[in-house]
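Participant: Quick one: structure below, then a few questions.
Nothing in this text is a laboratory measurement; each read-out follows from the coordinates by a stated rule. Since we're looking at a predicted model, the values are computed, not measured. Positions of Cβ are generated from backbone atoms using ideal geometry, with glycine treated the same way; all protein chains shown enter the neighbour counts.
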Amino acid sequence: MHTAVSEITQKNEIKASVATGTEAFGIQGSYALTKSIGVIGGFSWGSNDVFSLSEDAYLKNGTRTNWELGIGYYHPISPVVTFEVFGGIDRFHRDYIMTDFNYSDTAVFNFTKTFIQTDIGFLNKKKNGLGLSCKFGYDIYDHSFFIHGDEWQYPYMHPYIRTSFQNFYQIEPSLTWRFGWRKLNFQVQTGYYFQNNKIIPSQDYVFKGYGDDNWFIDFGLCLHLFTE
């Protein structure tokens, strides 16, 4: 899930977007509950490419899904600048599969991220424009397992694998550009993940990260309702 940038400026304002890119499919939304309190949320699904490790081996990062929900404060600093700060949670699922001629490895894990996110939006008269964001999160693994199959395909657990899933911090700066009409915008979002999670070993190969590309870019449409 990439940063859900609301850029809301008034009570009962709604923004909803759908996008594709680094994530195969993603939806985001925001709603202004009052003149200063808003909520954000979203859901995304993605799958990574298949990477060849050798002539017979390949790594399939499988699928990744997550949802996000947050609540926070927004304040229009001027008619063209708005400030936001949100806090909330992300819920993630990731799975990896590595196979070669003799064996198959599977790693599956879920984790929850608590986050604080700050946004500054620069808007025009149509209420669309440029948003700069930074999300700070802490990711906690709450379920994980690793199954290894040998040349006879008998699965067994690697005890050291389970302890290799470490909680980690993450920083995600991003830029969101919305342009077009007053109630329907084209949307482009790009950013980068900085995280301190450790490498997860699997025999002679490694699983690094949790399945997301460090750099991301998505393209989509944003619907804007209840504006003045």
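Participant: Show the residues, 5+ positions off or on another chain, whose built amide H is closer than 5 Å to the amide H of ASN167.
Facilitator: Excluding prolines and chain starts, which carry no amide H, the hits are TYR141.
Participant: If you don't mind, there's one more thing I want to ask. Can you tell me the FRET efficiency between PHE83 and THR63 if r is taken as the Cβ-Cβ distance and R0 is 35 Å, rounded to the nearest 0.05?
Facilitator: Working: r = 36 Å, r/R0 = 1.02.
Computed FRET efficiency for PHE83 and THR63: 0.45.
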